[in-house]
Amino acid sequence: MGRLPENGVAYETIVITENRHTNATALSATRKGEHILLRSFKGSNTFENLRKTEKFSVNYISSENKEAFIKAAVKGWGDEEREFSDEEISKRYGFPVLKIASGVAICTVEDRELERVEDEIGETEVLKVRGRIVLWEGGAENAIKVGEDRNIMALVAYTRYLISEGEVRGKYRKRAMELADDRDVVGKWVIRNLQP
Ligand SMILES: Cc1cc2nc3c(=O)[nH]c(=O)nc-3n(C[C@H](O)[C@H](O)[C@H](O)COP(=O)(O)O)c2cc1C
């Protein structure tokens, strides 16, 4: 068995939930002992799915596969479009995981807490979820930690840009452009999609 994600450290992962369809999304995940903590914002499929369903998988992605974050973060946002095809998914414990993941955790929801938050975009709700790891496979050695990869940070700013308006939207656009590097696969994609 490979190494677990470092305890108490936030990683950029792809979380799969199931409701009417299989949904994959880019989400930060932090392991605390035998649990994984997530924060999912209102307006996303993941928010709705995590409110109603009991299982999720956390897929740790190494740098060479970071292109997958583009699909997970941008495709099927709040709609039924599938982010990954059946060929890209396999099952563990009867639950979907990404074949390209270097490490996967299958979790069962133990606790949910809805919190009102106010940020630059406005007032919204975030669902804080604590899941127990019931199965771990692979290793998280080369997975991307939050704040470690500026092009992934550019992609985060891009997703914020997509859901904001006016001055705030302009600010996220600027942040995404500053962080993105056109020699990187994710950075190049962000720059191209921010062209007027
Ligand atoms: C690297 C990365 C990390 C992200 N982390 C979070 C997060 O922790 N919580 C969240 O609600 N959204 C996060 N997002 C934004 C979601 O991925 C985005 O809103 C997504 O489109 C929601 O998809 P869904 O409707 O399929 O759930 C992140 C985006 C990126 C690119």
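The values are calculated or read from the model by the stated rules, or taken from the named source; none is laboratory data. Quantities reported herein were computed from a predicted structural model and do not represent experimental measurements. Cβ: placed from backbone, ideal geometry, glycine included. Neighbour counts: every protein chain shown. Heads up: the accessible areas ignore ligands, DNA and RNA and are worked out on the full protein's heavy atoms, side chains in. Shrake-Rupley method; radii C 1.70, N 1.55, O 1.52, S 1.80 Å.
Backbone geometry of the range 110-121 corresponds, through the Karplus equation with coefficients 6.51, -1.76 and 1.60 at θ = phi - 60°, to 3J(HN,Hα) couplings of 10, 8, 10, 9, 9, 10, 7, 10, 10, 10, 4, 7 Hz, x marking Gly and Pro. Each Lys and Arg adds +1 at its Cβ and each Asp and Glu adds -1 at its Cβ; summed about the Cα centre, the chain shows a dipole of about 80 debye.
Taking a sphere under 12 Å around the Cβ of Val104 and counting the other residues whose Cβ falls inside, with K and R at +1 and D and E at -1, yields a net charge of +2.
Hey, any idea what % of the range 67-196's accessible area is carbon plus sulfur with a 1.4 Å probe?
After summing per-atom areas, the C and S share lands at 47 percent.
Working note: Karplus 6.51/-1.76/1.60 with θ = phi - 60° gives the range 126-141 the couplings 10, 9, 9, 10, 10, x, 8, 6, 9, 8, 10, 9, x, x, 10, 3 Hz, where Gly and Pro are set to x.
Taking 1 over the mean of 1/r across every pair of different Cα atoms in the range 63-196, what Kirkwood radius in Å do you get?
Details: mean 1/r = 0.0590 Å⁻¹.
One decimal place: 17.0 Å for the Kirkwood radius.
Within the set of other residues whose C-beta is less than 14 Å from the C-beta of Ile191, count the net charge using Lys and Arg as +1 and Asp and Glu as -1.
Details: positive: Arg150, Arg173, Lys174, Arg175, Arg183, Lys188, Arg192; negative: Glu178, Asp181, Asp182, Asp184.
Computed value for this residue: +3.
Surface analysis of the range 36-92 yields an accessible area of 48 Å² per residue, using protein heavy atoms and a 1.4 Å probe.
Among Ala143, Val109, Val74, flag the residue with its Cα farthest along the positive direction of the charge dipole of the range 55-177, charges on Cβ as +1 for Lys/Arg and -1 for Asp/Glu. Checked the options; the winner is Ala143. Taking the alpha-carbon centroid of each part, what is the distance from the range 13-90 to the range 126-196 in angstrom? With the range 13-90 and the range 126-196 each reduced to a Cα centre, they are spaced 14 Å.
How big is the dipole moment of the range 2-73 about its Cα centre under a simple scheme where the beta carbon of each Lys and Arg is +1, that of each Asp and Glu is -1, and everything else is neutral? Debye, nearest 20, please.
On the way: 11 positive and 8 negative charges, 50 e Å.
Computed about the Cα centre, the dipole is about 240 debye.
Heavy-atom accessible area for Tyr161, with the other protein chains in place and a 1.4 Å probe, reaches approximately 30 Å².
With only Lys, Arg, Asp and Glu charged, each at its Cβ (+1 for the first two, -1 for the last two), find how big the charge dipole of the range 83-196 is about the Cα centre; round to the nearest 20 debye.
Values: 19 positive and 23 negative charges, 42 e Å.
I would put it at about 200 debye.
What is the sum of charges around Asp182, taking Lys and Arg as +1, Asp and Glu as -1, for the other residues whose C-beta is under 9 Å from the C-beta of Asp182?
Details: positive: Arg183, Lys188, Arg192; negative: Asp181, Asp184.
The answer is +1.
Only helical runs count toward this figure. For the chain, summing -39,500 (n - 2.57) over DSSP H runs of n ≥ 4 and dividing by all residues gives -8000 deg cm²/dmol at 222 nm. Around the amide H of Lys145, modelled in the peptide plane, lie the amide H atoms of Glu12, all under 5 Å away and 5 or more residues distant in sequence or on another chain.
Each peptide in 149-159, 26-36 was scored by the mean count of other Cβ atoms within 10 Å over its residues; highest first, the order is 149-159, 26-36. For the chain, the membrane-span-like helix rule (DSSP H, alpha carbon extent of at least 15 Å along the helix axis, mean Kyte-Doolittle at least 1.0) picks out no helix; this says nothing about an actual membrane. Set against the 2.2 N^0.38 Å expectation for a compact globular protein, the range 89-149 has a Cα radius of gyration ratio of 1.47. A straight Cα-to-Cα reach below 22 Å connects Lys99 with the lysines Lys55, Lys66, Lys71, Lys75, Lys91, Lys145, residues fewer than 8 places away in its own chain not being considered. Over the range 1-144, all Cα pairs binned in 5 Å intervals from 0 give whole-percent P(r) values of 2, 10, 21, 25, 22, 13, 5, 1, 0, listed from short to long.
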